[in-house]
Amino acid sequence: SAVISQKPSRDICQRGTSLTIQCQVDSQVTMMFWYRQQPGQSLTLIATANQGSEATYESGFVIDKFPISRPNLTFSTLTVSNMSPEDSSIYLCSVKKNSGANVLTFGAGSRLTVL
Amino acid sequence: AQKITQTQPGMFVQEKEAVTLDCTYDTSDPSYGLFWYKQPSSGEMIFLIYQGSYDQQNATEGRYSLNFQKARKSANLVISASQLGDSAMYFCAMRGGNQGAQKLVFGQGTRLTINP
């Protein structure tokens, strides 16, 4: 499976600020996914990031709040903008290798706390 | 729309016993995939096992097996000979059959605690 590095692993942020999370993969992948896991909850897909096109957002998530970049086939960023305490969550990057297994591999996650 | 239901918020099991974690699903896609992930307190998501809707046999991976009952739309995870390190959150997830639908839909999870 792919190896995914996410940064930062955790951060404490002030209300009203923005934070960018980075996701680096050790191999080229077509699709990258960003998930949010609020405290005590399950994972919810924020958006799918495709190289060379705009990200596709799920219902309830908008580009102004969660802008995503996908400059190449191994890297993506998710920005959480104008943060509020409700944005305190674990944000996870996920990829599926272009061929072979059906498995989606996840990064270790970025645990954000907004004060 | 796809939906995953895990009805057990928490389970407590004695070490070395087998445990079954329930998962039911709902989809209109004829082709789909079912996954189980483990999430320890560190937060990472660890893939455990996968079952394709057309697979003839139940998937097995070491101590993990998936009891796939297609007619009942259930995909229960069975962990044999449980260990203390198995204590974690367990999520059942589904991927749709659409060519472009690689995204996963997750259940609410089951918190498994293994007692010594």
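The values are calculated or read from the model by the stated rules, or taken from the named source; none is laboratory data. Everything numeric here is computed off the predicted structure, so don't read it as measured data. Note: ideal-geometry Cβ built from the backbone for every residue, glycine included; neighbour counts use all protein chains shown. SASA here: full protein model, heavy atoms, side chains in, ligands and nucleic acids out. Shrake-Rupley method; radii C 1.70, N 1.55, O 1.52, S 1.80 Å.
Counting only residues that are open to solvent by 10 Å² or more (accessible area, probe 1.4 Å), among the β-branched types (Val, Ile, Thr) and over 23 Å from B:Cys92 (Cα atoms), region A:25-66 holds 4 of them. The strands (runs of 3 or more DSSP E) falling completely within region A:2-115 that include 3 or more residues that are without any contact (Cβ under 8 Å) to a residue 40 or more places away in the chain and within 10 Å of chain B (Cβ to nearest Cβ) map to A:43-50. B:Tyr54 falls short on exactly one of the conditions (1) surrounded by 20 or more Cβ atoms within 10 Å (Cβ to Cβ); (2) aromatic (Phe, Trp, Tyr); (3) out of contact with any strand residue (DSSP E or B) (no Cβ under 8 Å at 6 or more places or on another chain), and that condition is (1).
Can you tell me how many residues within region B:75-93 are of a type in the set (A, V, I, L, M, F, W, C), open to solvent by less than 10 Å² (accessible area, probe 1.4 Å) and closer than 15 Å to B:Phe12 by Cβ? It would help to see each step written out before you state the result.
If we filter region B:75-93 for residues that are of a type in the set (A, V, I, L, M, F, W, C), which is where we start, we get B:75, B:77-79, B:81, B:84, B:88-89, B:91-93.
When the remaining residues are screened for being open to solvent by less than 10 Å² (accessible area, probe 1.4 Å), the result is B:75, B:77, B:79, B:88, B:91-93.
Still in the list and also closer than 15 Å to B:Phe12 by Cβ: B:79, B:88.
Residues in region B:75-93 being of a type in the set (A, V, I, L, M, F, W, C), open to solvent by less than 10 Å² (accessible area, probe 1.4 Å) and closer than 15 Å to B:Phe12 by Cβ: 2 in total.
Once region B:101-116 is narrowed to residues that are open to solvent by 50 Å² or more (accessible area, probe 1.4 Å) and within 14 Å of chain A (Cβ to nearest Cβ), the residue that is nearest to B:Thr24 (Cα to Cα) is B:Gln108. Within region B:11-31, being at pLDDT below 95 and either open to solvent by 20 Å² or more (accessible area, probe 1.4 Å) or over 21 Å from B:Gly96 (Cβ atoms) (or both) holds for B:Asp26, B:Ser28, B:Asp29, B:Pro30, B:Ser31.
Counting residues in region B:36-47 that are basic (Lys, Arg) and either under 24 Å from B:Thr113 (Cβ atoms) or open to solvent by less than 50 Å² (accessible area, probe 1.4 Å) (or both) gives one or more.
Which members of region A:11-35 meet the condition of being under 13 Å from the mean Cα position of the chain (by Cα) and not hydroxyl-bearing (Ser, Thr, Tyr)? Please lay out each step first, then the result.
Initially, region A:11-35 is screened for residues under 13 Å from the mean Cα position of the chain (by Cα), giving A:19-25, A:31-35.
Of everything in region A:11-35, those that are under 13 Å from the mean Cα position of the chain (by Cα) and not hydroxyl-bearing (Ser, Thr, Tyr) turn out to be A:Leu19, A:Ile21, A:Gln22, A:Cys23, A:Gln24, A:Val25, A:Met31, A:Met32, A:Phe33, A:Trp34.
Exactly one residue among B:Ser53, B:Ser80, B:Ser31, B:Ser42 is hydroxyl-bearing (Ser, Thr, Tyr) and away from chain A (no Cβ under 12 Å), and that residue is B:Ser80. Would it be correct to say that B:Ser42 is of a type outside the set (Asp, Glu), in a loop (DSSP other than H, G, I, E, B) and under 23 Å from A:Ile4 (Cα atoms)? Taking the combined requirement at face value, the residue satisfies it. Please tell me if B:Gln8 is open to solvent by 40 Å² or more (accessible area, probe 1.4 Å) and more than 13 Å from every other protein chain (Cβ to nearest Cβ). Judged against the criteria, B:Gln8 is not a match.
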